[in-house]
Amino acid sequence: MSGKEQDFIKEAFDSNWVVPMGPNVNGFEADLEAFVNNRFDNTPLTKKVVGLSAGTAAVHLALIGCGVGPGDEVLVQSFTFCASSHPITYLGATPVFIDSEKDTWNMDPDLLEEAINDRIAQTGKKPKAIIPVALYGMPYRIDRIMEIADRYGIPVIEDAAEGLGSRYNGQMLGTFGRYGVLSFNGNKMITTSGGGALICQDTEEAKEILFYATQARESYPYYQHEHIGYNYRMSNICAGIGRGQMTIIDDHIAHHKHVQELYCELLKDVDGITMHINPTPAFDSNFWLCTATLSPELKIKGQENAYKHIIDGAVGGAAGVTHAATTATTDCQPNANVEALRIALDAANIEARPLWKPMHRQPVYKNAPAYINGVSESLFAVGICLPAGPYVTDDDVRYIVETIKNNIQY
Ligand SMILES: *Cc1c(COP(=O)(O)O)cnc(C)c1O
């Protein structure tokens, strides 16, 4: 974090705007609009951005904007973080999970269309929205997804929480669908400590989202409520951090792409490890996280001991986990070589992680309908996330790759 963030926060205190509205919120929204509306072909878009308290809140409000309510169904990518699907359940609706395709790891358009037809056949109703997710920053096949969505008249909510600054054909993710979700949580491409935003089509829709984000107040001298609202507006302090972060966002993205290139270069001759890359030049990932897959044949030192013990280190740790695990294994988990590599890297002070576990394999969603081709579950078995943040230097990447190589059992 630079001095810029502190200047904007100080200004908020000095001008007494320590509330969930104010000049920093307006300024941050304007910065975000300029950023997402920029296109490589120089025909700028006119999307509006509403600053919110979290990306999860943005998903929730987008669903409300699409009219999702009790008994409805929403089609959502299964290979994602839970914040893409949990808000569907907040509204009494049902998530219907769609598996991924191999190149992007994101929503499979063929399965999407199959699911739309099957849901209509089974329930007599059209699903209310479609949520593709830019997993690890990689663009989804938005051309095909929009074509299908438009043909069936179903709105698209792009979950670009991990894909801020990623482009498809030169256009920013989050600006293709009816809504685009952004997150500024501590671990995302830029941070406001905690926060999010919703990209909306126009001023009218942005106003409606703002209405629901501020307790749905009608304009009377007293509190008058005709709808149920939420306390989801971004605070002026957080927005001050965001304005500071917008001055370095291009550098951050360039850095993530550079780190990705370096991993690709240094790992290219290592048998059994494959980096996840842009499938064609139309895809321009921000590489929020650099990810790789490990061939099941690859032997990692100590893999025979993986999953022997219940992990207790996560509870009470920085990630805020409060429930202790009760078993050392589950019926859907990364292969032993992936877990062994994670442990070996951890011992060398390198934080690697498994890929996100698909939602259709999460116990909490065991009753949700799902359209599955096996891709996300097989990627979860073999994948690993490597460090890619702004503080990861070239030397760090070399150290990480050396540590990986040193732990391969030949
Ligand atoms: C982080 C994230 C969100 C939610 O963002 P928060 O700001 O943490 O609420 C939504 N979707 C995906 C895919 C994410 O990774």
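The values are calculated or read from the model by the stated rules, or taken from the named source; none is laboratory data. Quantities reported herein were computed from a predicted structural model and do not represent experimental measurements. In this analysis, Cβ positions are derived from the backbone assuming ideal geometry, glycine residues included, and neighbour counts consider all displayed protein chains. These area figures cover heavy atoms from the full protein model, side chains too; ligands, DNA and RNA do not enter into them. Shrake-Rupley method; radii C 1.70, N 1.55, O 1.52, S 1.80 Å.
How much length, in nm to one decimal, is gained on full extension between Asp396 and Ala348, taken as 0.36 nm per residue of separation minus their Cα-Cα distance? Could the numbers behind the result be given before it?
On the way: separation 48, 0.36 × 48 = 17.28 nm, distance 1.14 nm.
Answer, rounded to one decimal: 16.1 nm.
Which loop chymotrypsin sites (Phe, Trp or Tyr not before Pro) in the stretch 351-406, with loop taken from DSSP, have no more than 12 other Cβ atoms within 10 angstrom of their Cβ? The qualifying sites are Tyr391.
Taking a virtual spin label 7 Å from the Cα of Lys102 along the C-beta vector, which residues in the stretch 142-157 bring their backbone nitrogen under 14 Å of it? No residues fall inside that zone.
Along its principal axes, the stretch 8-48 has C-alpha extents of 41, 15, 9 angstrom, given from the largest down.
In terms of packing, defined here as the mean over residues of other Cβ atoms within 10 angstrom, the peptides 83-91, 189-197 line up highest first as 189-197, 83-91. Which of the three applies to the stretch 3-248, rounded, prolate or oblate, going by the alpha-carbon gyration tensor with a ≥ b ≥ c and a/c under 1.5 meaning rounded? Because a/c hits 1.5 or more and a/b fails to exceed b/c, the stretch 3-248 counts as oblate. Of all DSSP bridge pairs formed entirely within the chain, close to 65 percent run antiparallel. Applying the criteria of a DSSP loop state and at most 13 other Cβ atoms within 10 Å to the GluC sites (Glu not before Pro) of the stretch 221-328 yields Glu226, Glu297.
With a 1.4 Å probe and all protein chains left in place, how much accessible area per residue does the stretch 250-406 have, in Å²? I get 52 Å² per residue for the stretch 250-406. FRET efficiency for the pair Glu204 and Thr280, taken as 1/(1 + (r/R0)^6) with r the Cβ-Cβ distance and R0 = 35 Å, rounds to 0.45. Loop-located trypsin sites (Lys or Arg not before Pro) in the stretch 305-410 (DSSP state other than H, G, I, E, B) with a sparse environment of at most 10 neighbouring Cβ atoms within 10 Å: Lys308, Lys366.
Dividing the helix sum by the residues of the chain, where each DSSP H run of 4 or more adds -39500 (n - 2.57), gives a mean residue ellipticity at 222 nm of -11000 deg cm²/dmol. Element breakdown for the chain at a 1.4 angstrom probe: carbon and sulfur atoms account for 52% of the accessible area.
Here, P(r) means the percent of Cα pairs in each 5 Å bin from 0 to the largest distance; for the stretch 228-363 it is 2, 7, 11, 16, 16, 15, 14, 11, 6, 2, 1, 0. Measuring against 25 Å, Cα to Cα, the residue pairs Lys128/Lys188; Lys48/Lys128; Lys268/Lys301; Lys126/Lys188; Lys48/Lys357; Lys128/Lys366 contain Lys128/Lys188; Lys126/Lys188; Lys48/Lys357 as the ones spanning a longer distance.
Counting 0.36 nm for each residue step from Val270 to Asp250 and taking away their Cα separation leaves a gain of 4.1 nm.
Specify the residue with the greatest mean-square fluctuation among Phe176, Phe184, Phe211, computed from a Gaussian network of the chain linking alpha-carbon atoms under 10 Å apart. Comparing Phe176, Phe184, Phe211 in a Gaussian network model of the chain, the most mobile one is Phe211.
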